[in-house]
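No lab work stands behind these numbers, since they all come straight from the coordinates. Bear in mind that the values here come from a model prediction, so they are computed numbers and not experimental data. Glycine also receives a Cβ, built like all others from the backbone with ideal geometry; neighbour counts cover every protein chain displayed.
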Amino acid sequence: MKNDVWNAVIHAIETSIPEYDHVNEKVSFGRALKARKYAVGQLALSEGMTVLDAGIGPGTMSEALLSESEGLTILGLDASATLLRAARERFKSSRRTQLHFVRAVFEAVPIRNGSVNRIVSAYAFRDARDREEAIDEFRRVLTSDGSFAIIDLGKPNEVLKRALVTLYIEHLMPLVARFSKSSRIRGNPWRMIVPTYQLLSTNRDLMQSLKKRFDDVRILEFSMGGLIVVLARVSG
């Protein structure tokens, strides 16, 4: 992804913060949070684990993780200082000391090798500048029995399904977002989903990239493959 597009995407997410969760539920027809919770249930979380929330944004995924297991240590990583502040604000009244915030990009994670038990990237992996480098970094920091979950938009392998999903994302989704947000959100930041989706590889290609680095890779497709949960595991 080129720098100008990447910067515009980050700015759009920052702009959407006040209504991020609400509008995302509307444009996904109530599936965005369900997909997060499904992924959490597949990760076999237990007390004492360290989880990297890659692209923490305003903290929605970390909240889902801590709802499943309060004894986690979560490293919330994001390139945006504004988004990290929003995540801190979300958790400031919870007094959870096991939340740590890291400003960095996916392609250069400032965490030592083999130190993270689980990684989640919810609706953020597609925004990586270089997804192949990001996968390499995530594999590097995982423990020898770690797992990496991606919850994101998908690009179906089948031509007809891909055409229908693309039609929705490029033309109908911006309209749903426009009528779901309030006037306090300037413009329509959800329109920046379109260029990130256009740059996505197919679900099959994503699986192949992950299989080069991980031992067990599974995908669950929702909405004709337009919404995916991918779980990649390392086996000792």
J(HN,Hα) series, the range 141-147, from Karplus relation 6.51 cos²θ - 1.76 cosθ + 1.60, nearest Hz, glycine and proline x: 7, 6, 5, 5, 10, x, 9
Over the range 37-150, what number does the Rg to Rh ratio reach, with both radii from the alpha-carbon atoms and Rh per Kirkwood? 0.92
For 210-221, 73-84, ranked highest to lowest by mean beta-carbon neighbours within 10 Å, the order is 73-84, 210-221
Counting only pairs 8 or more places apart or on different chains, how many lysine pairs in the range 3-233 have C-alpha atoms closer than 22 Å? 11
Here the Kirkwood hydrodynamic radius of the range 95-196, Cα-based and in Å, equals 16.4 Å
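Roughly what % of DSSP beta bridges within the chain run antiparallel, to the nearest 5? Spell out each step's value before the answer.
On the way: 14 of 33 bridges.
About 40 percent, rounded to the nearest 5.
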Average silhouette area of the range 150-236, convex hull of alpha-carbon atoms, in square nanometres: 6.7 nm²
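So what's the range 3-233 giving for Cα Rg divided by 2.2 N^0.38 Å, two decimals? Mind dumping the intermediate values first?
Working: Rg = 16.6 Å, N = 231, 2.2 N^0.38 = 17.4 Å.
Cα Rg divided by the expected 2.2 N^0.38 Å: 0.95.
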Both in Å, the radius of gyration and Dmax of the C-alpha trace of the range 154-193 are 12.3, 39
